[in-house]
1. For residue 164, only one of the following conditions fails: (1) part of a helix (DSSP H, G or I); (2) modelled with pLDDT of 90 or more. What is its number?
2. Of the residues 89, 121, 94, only one is assigned to a helix (DSSP H, G or I) and more than 12 Å from the chain's Cα centre (by Cα); which?
3. From the residues in region 34-77 that are buried (at least 16 other Cβ atoms within 10 Å of the Cβ) and of a type in the set (Gly, Ala, Ser), which one is farthest from residue 10 (Cα to Cα)?
4. Can you tell me which residues in region 144-162 are surrounded by 12 or more Cβ atoms within 10 Å (Cβ to Cβ), under 20 Å from residue 47 (Cβ atoms) and not charged (D, E, K, R)?
5. Looking for whichever is under 20 Å from residue 173 (Cβ atoms), modelled with pLDDT under 95 and of a type in the set (Phe, Trp, Tyr) here; the options are 86, 100, 70. Which one fits?
6. What pairs come out if I take residues in region 1-13 that are touching a residue at least 40 places away in the same chain (Cβ under 8 Å) and pair them with residues that are in a helix (DSSP H, G or I) and β-branched (Val, Ile, Thr) whose C-beta lies under 9 Å away, six or more apart or interchain?
7. Does residue 149 count as among the small types (Gly, Ala, Ser), touching a residue at least 24 places away in the same chain (Cβ under 8 Å) and not in a loop (DSSP other than H, G, I, E, B)?
8. Can you tell which of 92, 116 is out of contact with any His (no Cβ under 7 Å at 6 or more places or on another chain) and surrounded by fewer than 24 Cβ atoms within 10 Å (Cβ to Cβ)?
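The values are calculated or read from the model by the stated rules, or taken from the named source; none is laboratory data. Fair warning: this is a prediction, and the values are worked out from it, not measured in the lab. Neighbour counts are summed over all protein chains in view; Cβ atoms, including those assigned to glycine, are modelled from backbone coordinates with ideal geometry.
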Amino acid sequence: MLVWVAQLFFDKTATLGEALTDKIALFPYDSGYFKPYQLVTHMFAHASYDARGGIVIFHILFNMYALWMFGSMLEKVWGPKRFLIFYLACGLGAGVAQLFLSDYPAVGASGAIMGLMAAFAYLFPNTQFYIIPLPFPIKAKYLVAVYAAIDLFGGVHPGKADNVAHFAHLGGMVVGFILVLIWNKTNKKTFY
């Protein structure tokens, strides 16, 4: 959240290429703007201003809500150190997927969040969620499967105005799923 506030402050009057977001977003490796540190910084940055100069708030609000909703439970299960390792690994996986499967810059914690969602669905598959406007509950395992399908479709068939890093989401989800599988097998614990 602090990085996003800094982006709002420094991006407002910056010229193209000099904005904070231009420095910390993850750029394609062959763009000339790519720096290795962006594999980490992109997951702490979020969209700041839209094309008309309005503040973009829903991107960070959704990510922070999902981080709280899924992350708080996973942190209780794993502890803060293991949770941080998991979160960063998912964010790195998202960044690598974005680098190799997309050709545009990306910002946001969404890839790491999708990894958290995959882990949550694996550990607590039958937890039910109410998603507006659906008039019925949906289990975590199905919710994550639907999100994965939407991202796969969106990545393969992006719309003209699509500015979502679908492959980053999928990369974070895959890393999260693999990591929780490994951790669950080595811990021999079952969560319900």
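1. Tallying (1) part of a helix (DSSP H, G or I); (2) modelled with pLDDT of 90 or more, residue 164 fails exactly one: (1).
2. Step by step, each of 89, 121, 94 is checked, and only 121 is assigned to a helix (DSSP H, G or I) and more than 12 Å from the chain's Cα centre (by Cα).
3. Filtering region 34-77 for residues that are buried (at least 16 other Cβ atoms within 10 Å of the Cβ) and of a type in the set (Gly, Ala, Ser), the one farthest from residue 10 (Cα to Cα) comes out as 71.
4. Scanning region 144-162 gives 147, 150, 154, 155, 158.
5. Exactly one residue qualifies, and that residue is 100.
6. 1/60; 3/24; 3/41; 4/60; 7/21; 7/24
7. So residue 149 fails the test.
8. So the residue among 92, 116 that is out of contact with any His (no Cβ under 7 Å at 6 or more places or on another chain) and surrounded by fewer than 24 Cβ atoms within 10 Å (Cβ to Cβ) is 92.
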